[in-house]
Amino acid sequence: MALRSGRACFARVLRRVCGLQGSWPRRSSSLLCLSAHRDKKGKAWGQRQPPYTRCCSAGTPRGHEPLGSRFLSAMKRQNVRTLSLIVCTFTYLLVGAAVFDALESDFEMREKEQLEAEEKRLQGKYNISEDDYRKLESIIMEAEPHRAGVQWKFAGSFYFAITVITTIGYGHAAPGTDAGKAFCMFYAVLGIPLTLVMFQSLGERMNTFVKYLLKRIKKCCGMSITDVSMENMVTVGFFSCIGTLCVGAAAFSHYEDWSFFQSYYYCFITLTTIGFGDFVALQKNRALQKKPLYVAFSFMYILVGLTVIGAFLNLVVLRFLTMNSEDERRDAEERASLAGNRNSMIIHIQDETMPRGRRRREPHRGDFQSVCSCMHYHSHDLGSSGGGLGNLGCAFSTQNSFSSQLNPSPYFHSVSYRIEQISPSTLKNSFFPSPVSSVSPGLHSFTDNHQLMRRRKSV
Amino acid sequence: MKRQNARTLALIVSILTYLVVGAAVFETLESKQEKSHKRRLDARKYELMRKLNLTKENFEELEAVVLQLKPHKAGVQWKFAGSFYFAITVITTIGYGHAAPSTDSGKVFCMFYALLGIPLTLVMFQSLGERINTFVRYLLHQAKKCLGMRRTEVSMANMVTVGFFSCLSTLCVGAILFSQSEGWSFLHAFYYCFITLTTIGFGDYVALQKDEALQNSPRYVAFCFVYILMGLTVIGAFLNLVVLRFLTMNMEDERRDARQKALMTYNKPRAEVTRLLPLSAANTHVAETKSNDLKGVYTEVLHFQTICSCLWYRSKEKLQSSSSMIPELAISDPYLQTESHYIDPGTTGCVCTPRHCSTNISSITSGLLSPFRAFKRRSSV
């Protein structure tokens, strides 16, 4: 008894530490697992172990093998992912540093020598003492921002405010007063998240609109498949980014007298919000005061360009930012399910047709446990199509014994699934390639919209 | 108007307002000071020019040289340490500008470097930030347990508080250390840390630029790099906690709308249910054949609503009896609250009480029949 409970305890600890994955590949997005009596009986499902209930054996410590050797394989997916990202980034930094060193170091040395020689020459030519020269130097450095004109009138301040909340941060003008610095910090604290959300929001709208346009174009062109694929969207997004950069490059090279390449570099550095400040628009010929149209164009360009880049990021990168959270949620559900409630059922349906491995279609949390529907498609009254579902039921028929209290019944084609959210769109969207996946649509949509579900009010 | 469009418009308007307000405030704070500072500098400049007998052109010549020498005065910028520093400022998008590639090939490489590096860094920081949040949540949970508190769940408010204070302390720690190492005042050092960790990176204050620190103080250099990366992680964790959900709002609403649209195209709940039946092919076929079979459809709905291991149907008789009640399902939820006639624990082996079943059914039925009603999250029965 003690041994059994000890084993169960160890199993729990192991689960917690290593996640619930054991060493199976987590390709399958969900596992069929019935949780009832798990802890009560301290043993696996016994009787008819269905082929999919791998998770039921998850808790049992297979770790008679040394833990260390299984550590990496048993490590939670999120941790592995995070570690590899860290390693990748460091490597990337090292490689970048090496390349920049190789590219720039020589030039820097040569330029430094030249300039210092020039400096000496001028010092001698104008007969300036060391002291005086230092004074001159400091004056010149301090006066640098003023060279480009008045920076803090309304137009310049607006420009500065843009560089703050978009985090571009050229530094061509920076608050000189302490009050300005303090306000700048508070301004950024609220402005940056607001801007992030705004650009993502607008970017998503743009993506939706582009998707709609593409669909119409495909229809008009009479193509057979009018669905807009991800590749289409990515291509369009990529080319619109390039297009935005080129338009800006052309415009700024004209107005600022830079070469096309320098303008392109400026636009790129600006729209990725790096914002070195080596090239800054609106700094020549007192443009901020004298050319309101050009000023307006610059502001619009920056904001629109950031939107286009933001839309592309929304399309491509945003999903990766939520990867760990989703995996964590999934793990939490599984933990909850295995911690089990009596009569609670976790129905995860193995989806063999998952196109994207990463997307988890499992349901969430313990709510799942409440929904175990004995799906009974005794569809004589409903027509022949029920036969199909009967097949589905058969796949799970070994699951009949949900609990010992249920009478196994021939009617119990145990297609269990979550009733929570079943909508035809999810069902219809090609979720029927395999019988298994047909019941998961509710899960699909549900999982995908975990957040959404929370926020939904009745419509 | 669609929710997403309204939201987007509202955000645009608020950003523009925010910019205008910010510009006005900055102008008020800085404009006067700028003018007076310029005047003073000009005065000093002219005085020095007179003293040294320099013409305007001479001065401009000197000015150009001095400004170009400025980055060089701060030390060697492109040896490995400096390049690493620069690479950090690129992929984290801080972008001080204290050193910027002068060669064209450097600029080109910089662009490609940023193209891959920035998303990688974004994902890395969010990933690590999420791990940190999880760990903090675990720690808080344990702490609550140890303290013997009744409710040991960690709420969002707890997490936000902890996150906020860790950000603040990161900034303060950095401010103290940089003010000592760089000779800045505490406020200026705090300002530097803030501007760096929010990746704005003006470049008015830049670390590692004094006394050839990049070459001569490797430990300080390492500290700076570690500080920047760790600080960005802490800020990233806080953003992950607070802001990330808002970045996906529109997308989720769009998905929801798509589903509702699909629902509407079917026009009636029975169509939904019909969809559930066929597994092989011909969904549409089924839909048509089912279109007349209201009774069958609602029966299916009821099938569906079997919950918590209640076994529903044993026979057609049951169907008959229940089908008579079907029309009323659509009408009144309260009806369902009553003891359902068609639940017969004995014969069906239902393990949950009829009331449980019926309440479950009611919520599900009503949900199904009014397709747009959100299903409440069910906890285990």
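The values are calculated or read from the model by the stated rules, or taken from the named source; none is laboratory data. Here the structure is a predicted model, which is why all the values come from computation and not from measurement. Cβ placement follows ideal geometry from the backbone for every residue including glycine, while neighbour counts extend to all protein chains displayed. With ligands, DNA and RNA removed, areas are computed over all heavy atoms of the protein, side chains included. Shrake-Rupley method; radii C 1.70, N 1.55, O 1.52, S 1.80 Å.
Protein heavy-atom surface of region B:1-84, 1.4 angstrom probe: 60% of the accessible area is carbon and sulfur, with nucleic acids and ligands not counted.
Cα convex hull, region A:184-341: 184 Å³ per residue, rounded to a whole number. The slack between B:Val242 and B:Gln260, meaning 0.36 nm per residue of separation minus the straight C-alpha distance, is 3.6 nm. With the crude spin-label approximation of a point 7 Å out along Cα→Cβ, what separation in nm comes out for B:Thr55 versus B:Val20? About 5.0 nm separates the two model spin labels.
For the pair A:Asn127 and B:Asp211, label points projected 7 Å from Cα toward Cβ lie 3.8 nm apart.
Of A:Lys291/B:Lys56; A:Lys211/A:Lys291; A:Lys76/A:Lys218; A:Lys76/B:Lys145, which ones are farther than 32 Å apart at the Cα? As for pairs spanning more than 32 Å Cα to Cα, those are A:Lys211/A:Lys291; A:Lys76/A:Lys218.
The gain in end-to-end length when the A:Val316 to A:Arg147 segment is fully stretched comes to 56.7 nm, 0.36 nm per residue minus the alpha carbon separation. At what distance in angstrom do the alpha carbon centres of region B:188-228 and region B:83-108 lie from each other? The two parts, judged by their Cα centres, are 14 Å apart.
Largest to smallest in accessible area, the residues A:Ser259, A:Ser201 fall in the order A:Ser259, A:Ser201 (1.4 Å probe, all protein chains included).
Short-range pairs are left out: with C-alpha atoms under 8 Å and at least six residues apart, the relative contact order of region A:140-269 is 12 percent.
Charge tally for B:Cys193 (other residues, Cβ to Cβ under 15 Å; Lys, Arg +1; Asp, Glu -1): -1. For A:Asp227, the accessible area of its heavy atoms, probed at 1.4 Å with every protein chain present, is near 100 square angstrom. If you take all other residues with their beta carbon under 15 Å from the beta carbon of B:Ser166, and give Lys and Arg +1 and Asp and Glu -1, the sum is +1. Spatially, region B:3-70 and region A:210-249 are offset by 41 Å when compared through their Cα centroids.
In the context of the full protein assembly, A:His172 retains an accessible surface of approximately 30 Å², using a probe radius of 1.4 Å and ignoring ligands and nucleic acids. In this structure, the pairs whose alpha-carbon distance is over 23 Å, taken from B:Lys79/B:Lys210; A:Lys135/B:Lys70; A:Lys125/B:Lys38, are A:Lys125/B:Lys38. The phi torsions of region A:133-139, fed into the Karplus equation with coefficients 6.51, -1.76 and 1.60 and a -60° offset, translate into couplings of 5, 4, 4, 4, 4, 5, 4 Hz, rounded to whole numbers, with Gly and Pro shown as x. Note on B:Asp104 and A:Glu118: their simple-model spin labels are 2.0 nm apart, each label 7 Å out from Cα toward Cβ.
Where a ≥ b ≥ c are the square roots of the eigenvalues of the C-alpha gyration tensor, would you call region A:83-192 rounded, which needs a/c under 1.5, or, failing that, prolate if a/b is larger than b/c, or oblate? Cα axes put region A:83-192 in the oblate bin.
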